[in-house]
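The values are calculated or read from the model by the stated rules, or taken from the named source; none is laboratory data. Because the structure is predicted, anything quoted here is derived from the model rather than measured. Every residue, glycine as well, gets a Cβ built from its backbone with ideal geometry; the counts of neighbours run over all protein chains shown. Heads up: the accessible areas ignore ligands, DNA and RNA and are worked out on the full protein's heavy atoms, side chains in. Shrake-Rupley method; radii C 1.70, N 1.55, O 1.52, S 1.80 Å.
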Amino acid sequence: ADDAGAESLAFFIQDESFSTERIVDSRTAPLQGPALYVCCDNALTNEDIARMQNVGRSKKRLDFSSSGRFGVGMNVMYRYCDCPQLLANSRLHYFDLTRNFVSQPGGSRGRKFTTEKLKANFPDSFAPFENSMAGKFPTVFRLALRTDRSELGLQQEFEKVAQELENSASIAEKMLLFTKNLTRLEFYKGDELISAIESRIAKQDEFDAFFSKIPSSPLDLKVGSFMSHRATKTVTITCPEGTTTAEWAIAHRLGIPDDAMLKILKDQLERPFGVALYPHGAAACRVKPFEEEHRCGRICVGLPTPFKTNSSAWIHGGFALLSSRKSLPLPEDGDREPTLDKSWNKMLLEGVIAGAMHELISHCCSQVIFSGMKLDEFFSVFPVRGDRLQTILAASTFKAALRSAIFPVFRGSTGKVSWAAGPKPTFACEDLSEELQAALVEDGLKLASLPPELMIEYEDALGEPRARLKGIELSQFLREAWCSKHSIDADGVSTVTGDGAKAESKGSGEAKVLEFDLGEAGLMSLSDKDDIIDMMAFVAKHLWADHMEKNKKGGWHLHKFNLLEHLDQVPLLLTHKHQITAFSAKNTKFNAWRDILPTKKELFIHKDCHKAIVNAVDTTAEGINREVKIDIPGIRVFTLMDLLPFRDELEASLQPSAPFASGQNEVLRQFWSLVADSALTEGATADLAEKHGVKLDAAAGEKQKWHKLVEDWPVLPVLFCDGEGENGEGL
């Protein structure tokens, strides 16, 4: 009907018996009982009717642009009836395949009668067509239900066939997905409507233009050239319960990808009773509203078949089916010489059908963003492996879509989704917690996401494991997010102020002070101490691995781990005060003596943050044979010189009345340890004095002059009697 240009079909079943007194042949009496009617609004030509008489040998097999080329329409009628009747062109045709009704032994398998003759001479034979439904259509097939088992099939009970008609009506929406002309289907039981389905395609002119360009011969197709079209079809279903409307997205693709498929097509044509197979694939998905049950799509060859796609997409293709339509041949792995049908079907799945699925999935991406399609619905459009057909379809679909922006990237609590392009988008890593990575995504990090069943298909199509988030990528993202959030360029640096200011300008041309309490930096990922340390360890580990790879030849380069470039402006510098800032060569922080200035903890890097960097260096790695020097931007050792500007803070922390060994005087003990560690180091005193303008006594040894820097500081411990020491002393 669709091939012939029909726009409307009606199916109705009637439980009515008619008189057998005046019929064309007494043998047709069994045809006067209950029947299934198929009515079409398109008039048939004599040539159309002649083709129907060649059951299984249709001339349309060689018509490349026709989809009804396998005798399926007529063959299915014999499932219900031994002698189908056709009223068309003012004639009633009997298709008497077994010669048991109107034909004579050895004669033609059917007869035709003019309606004028029937009404005059055999009115009871014409009576079944004189009802209100059949009278509205120029073409009416009547299938009188088989009353007893015959050589063509089983007995057909009215209620059973009526139930089958209702079942067909329930999926009739899908029957209109891939039609070119047919737009309306109606189903009745007696005079009662079961349902009426009507479709309307958007941009009909573009749709018609696509199909008008399809050549009638496969030899007219150019190898490697494809035709594609996306369409939106609205389907309205009317039934006694009410009216519903659904919107379907449909993608068509036509073409021959290579010479191998062209050869298979030619071989199909040249074999006995060859057919012009149709290198056309189409995929459809209901997008508004989405189907409640996911992954229930089927393969269609004109009409739906029993084969499930394991996807929410319904797929049409010019498959080579067995005559029963219950088998779709495909080659198994290791099948060295598959049949033509098997080879063709596999090429169709891997070629135009995979291309149509790619187009459909791309369309569904926009549905997620603009039309509210949920991600679980979007994911269900992708086929997943199952039986042989589903496995080939799943693999070929992902291969076709691999380089496109079809990988969803969540936008955290906003619920928004953006898309990452393939073939290697970045996925979440295993080293950082899901909660932390969710916070990073909220901050703008693009992490693609796929459910486990699709990840299998993706990695199989990619041929390697997915690309996971790496430390270098994380550091780059954090740098960009930090600079963007606080309106500074990549060269902006922080300076040591000691006041923990959040965003204080130090003057024209100077960098802003950017030190924030946790949770105040404007990035969710910088809200928790442990998360920051985990990210620092993660980044450092990958930077060390990158360093080892670049210097695998060994030598002195291997022993100098320079992080100045990689960590500059990366906001993973956690201070001893539990504030967050960015690493910078001009933002000095100290990696030791953290407790010597209790009121200036922001001057020091948190010990766990520093430890995360140091521990990333694997000193047991091959080629490491001496100490590794780690250069961290802005991080260095604290010396006595660094303490000099903070005399007031130090003195305020001292407890003169408390014993030297008391916990209250930890700062005092730290001070003298610092003196021993730095001020007494060879050459240190002269350097410190020069920088601070202190004149040393040239006659005295250099090591004895450190005290010139702090000579008036009240920090000298005093030994006294009557203490609690072992010998009665106190300090």
Hey, which of these cross-link pairs are over 28 Å Cα-Cα: K470/K611; K529/K586; K119/K174; K342/K399; K607/K629; K541/K589?
K119/K174
What accessible area per residue, rounded to a whole number of Å², is obtained for region 383-445 using a probe radius of 1.4 Å?
43
What does the extension gain come out to for S433 and S212, with contour length at 0.36 nm per residue minus their alpha carbon separation?
74.0 nm
Once Lys and Arg get +1 and Asp and Glu get -1 on their Cβ, which of L650, M548, A356 lies farthest toward the positive end of the dipole of the chain?
A356
Inter-site label distance for S324 and K553 at 7 Å from Cα along Cβ, in nm:
7.0
Accessible surface ranking that places the most exposed of S404, S487 first, with a 1.4 angstrom probe:
S487, S404
Amide H within-cut-off set for Q579, under 5 Å, with H built and near neighbours excluded:
none
For n ≥ 4 DSSP H runs only, could you compute -39500 (n - 2.57) per run for the chain, divide by its residues and tell me the 222 nm figure to the nearest 500?
-8000 deg cm²/dmol
Under a 1.4 Å probe, counting only protein heavy atoms, V368 has an accessible area in Å², nearest 10, of 20
When Cα extents along the principal axes in Å is calculated directly from the model, which label among (i) 87, 58, 51; (ii) 145, 54, 53; (iii) 86, 69, 51 fits?
(ii)
Among the trypsin sites (Lys or Arg not before Pro) in region 265-336, which ones are in a DSSP loop with at most 10 other Cβ atoms within 10 Å of the Cβ? Mind listing them?
K326, R336
Between E711 and D15, what is the spin-label point distance in nm, taking each point 7 Å from the Cα along the Cα→C-beta axis?
12.2
Which GluC sites (Glu not before Pro) in region 274-337 sit in a loop by DSSP (not H, G, I, E or B) and have at most 13 other Cβ atoms within 10 Å of their own Cβ?
E292, E293, E332
Could you pull out every residue, at least 5 positions away or on a different chain, whose amide H is within less than 5 Å of the one on C429? Hs are placed 1.01 Å off N in the peptide plane, and Pro or chain starts have none.
L469
Surrounding net charge for F307, when Lys and Arg each add one and Asp and Glu each subtract one, Cβ distance under 12 Å:
+4
Enumerate the calculated ³J(HN,Hα) couplings along region 373-384 in order (Karplus 6.51 cos²θ - 1.76 cosθ + 1.60, θ = phi - 60°), each rounded to whole Hz, writing x wherever the residue is Gly or Pro.
5, 7, 5, 5, 5, 4, 4, 6, 6, 5, x, 10
Of the accessible area of the chain, computed with a 1.4 Å probe and all protein chains kept, carbon and sulfur make up a percent value of 48
Find which of I237, P598, S673 sits farthest along the positive direction of the dipole of the chain, computed with +1 on the beta-carbon of Lys and Arg, -1 on that of Asp and Glu, about the Cα centre.
I237
Starting from the coordinates of the alpha-carbon atoms of region 533-642, obtain the Kirkwood hydrodynamic radius over all distinct pairs and give the value in Å to one decimal.
14.5
Relative contact order, percent, the chain [alpha-carbon distance under 8 Å, six or more residues apart]:
7
Of region 1-34, those with amide N under 15 Å from the point 7 Å along the Cα→Cβ vector of T238 are 8-11
